[in-house]
1. Find which of Pro317, Asn364, Gln330 sits farthest along the positive direction of the dipole of the stretch 306-371, computed with +1 on the beta-carbon of Lys and Arg, -1 on that of Asp and Glu, about the Cα centre.
2. To the nearest 500 deg cm²/dmol, what mean residue ellipticity at 222 nm is calculated for the chain from DSSP H runs of n ≥ 4 alone, each contributing -39,500 (n - 2.57), summed and divided by the residues?
3. Using 7 Å Cα-to-Cβ label points, what is the Asp309/Glu39 separation (nm, one decimal)?
4. What ranking do Lys476, Lys66, Lys114 get, fewest neighbouring Cβ atoms within 10 angstrom at the top?
5. Using a simple spin-label model with points 7 Å from Cα along the Cα→Cβ vector, what separation in nm is obtained for Thr188 and Leu318?
6. Which whole-Hz ³J(HN,Hα) couplings does the stretch 569-583 yield from phi under the Karplus relation 6.51 cos²θ - 1.76 cosθ + 1.60, θ = phi - 60°, glycine and proline marked x?
7. Could you give the size of the charge dipole of the stretch 444-558 about its Cα centre, using +1 on the Cβ of each K and R and -1 on the Cβ of each D and E, expressed in debye and rounded to the nearest 20?
8. Going by how many other beta carbons lie within 10 Å of each one, how would you line up Leu486, Leu495, Leu322, fewest first?
Amino acid sequence: MRHWKYALPLSLMLLPLHASGFSYESPAISPETETGFAEKTGWENQDFAVAAANPLATDAGYQVIKAGGNAIDAAVAVQMVLTLVEPQSSGIGGGGFLMHYDGQHVQTFDGREKAPSGVDENLFIGEDGEPLSFADAVNSGLSVGVPGLVRMLENAHAEHGQLPWESLFAPAITLAEEGFAVSQRLHTSLADDATLRDNELARAFYYTDAGDPVAVGETLRNPALADILRELAGNGSQALYTGPIAEDIVNRVAAHPQRPGNMRMEDLANYEAPEREALCTPWQQWEVCGFPPPSSGHLTIMQILGMMDHQPMVEAPLDDGLPSSRWLHQFLEASRLAFADRGLYIADPDFVQAPGGDWHTMLNSDYLAERASLIEAGASMGSGAAQPGKPGDMQVSFASAPAQPEYGTSHISIIDQDGNAVAMTTSIEQAFGSRILADGGTGLSGGYLLNNQLTDFSFVPEVDGQPVANQVEADKRPRSSMSPTLVFDRESGDLLASLGSPGGAAIIHYNARTLVALRDWGLDAQEALNLPHAVTLGGAVYLEAEGYPQETLSALEALGHDISERDLTSGLQAIMRQPDGSLFGGADPRREGIVMGE
């Protein structure tokens, strides 16, 4: 089992409040000295808490709340800093989903990218009539969707923000101009990526003349991003969707040397980030609220948990503090069945009707009991054997989508001093997205990365003559697995938790297991996040490397599971309200995030 020491020196300076917002003080935060599993014990706070994937981003949110801002204000500041310091995971060139609780209502803001209006279902079909390889599709202009993050944040801030919009960009602009110390994770991500160097701007900015990535601890300044953020601060999201910044996006997508894309200025100008109705699902004494389609996250998580509620109770689900093989068997089999439904039914609701006309049919208790009856205690149904069910009548018959990789992403959880909460998951999809760095037409060094979210569509539009629900279509949003989650007490209605994770399709497993650990196993937020992962998308089972003893692997193999071990680098953040009213936060030990508050 892995045991690494986690140490993060902080010298944090509080900020004076000004009428225009606040005065940001850049903290002295050193980068991590090692990668891998870094043991953390969690953070307890009384009034508010901010959890994010990088200490500089967490600190920006902390300073905003100390200056009188709220959870939405803090989320804007945190995300802008993440664009700078964690460019491989999220940023203004991508999208996201934001859930907000104002003390009375849960709202969902959809910033998912859209396909350009000029594409069709054959976007990823090559000249030979076959689908492109995933790598070729990602590293191209074809994969870039119309970014939605900034418009989404602006909509949420217009409705709920307290501090001025422009003031919330101060941390990211300051750090971009003064520079920040490159972390081990950013350095390692740059070193491991095989194709980012192919982009001329990215190679000049992130690598030496010899092709080596910027060193750990090196001060990295990003003057191009500072200028872009200054435009967004002063002119709002419109600065990204019209004018020079938009022209630069369109030009870079079209100029890809091998596989240019087809994005137009009108695609950017016409982008909207709609508000959707949250899906809130009773789960014994809790109510779990998550994002509706185009996210598949909440529906698939609650299908897994709902099926497990219809399974026999597993005694001692934790063996020596780890999930037992019997509990893992139920979890993995329920995952197979839930992912079979996901692959058939879930896609952009503006293009695809829910089964029976209502997404809640997929969470109907009788339906989940019927699905759970397919799980056998003594044997796995096996790789690829799970078939989708029929939760409701469909007007259109779809084919199950072939499995494809999913990656990416960063998560932010915040609960402020007034009890407002944010759960926000954002992404550029794969690490470093499409590998296209955009400088906004500034001509300065640096910039931000454009997403490759369109590879979340099915590459093939049909299977055996039947259409795939998640096929590429003009102006459509690709299906996502991002699962920002807010949890409430069903009896009192009180907010209990904000949580979420990156990790592609495995986000679903990370969140589902965390919810069980928090509710049923008596673990605090950090202990729940420390547990090793287990994932299946319907085929092979992946267990986190060095996470489970050989006895567990052997027991699962004896049940018929095809087991392999691999790194499963989640980036969970969770803040849980304790019975005494205090807040206890956890940050994933697999990444460099922390929790801050008071």
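Where a number appears in this text, it was derived from the coordinates with a stated rule and is not lab data. Just so it is clear, the model here is predicted, and its values are computed rather than measured. Neighbour counts run over all protein chains shown; Cβ positions are idealised from the backbone, glycine included.
1. The Cα lying farthest towards the positive end belongs to Gln330.
2. It lands at -8500 deg cm²/dmol.
3. The answer from the label model is 3.7 nm.
4. Going from least to most buried by this count: Lys66, Lys476, Lys114.
5. 2.6
6. Result, rounded to whole Hz: 8, 6, x, 4, 10, 8, 10, 10, 7, 7, x, 7, x, 6, 10.
7. 320
8. Leu322, Leu495, Leu486
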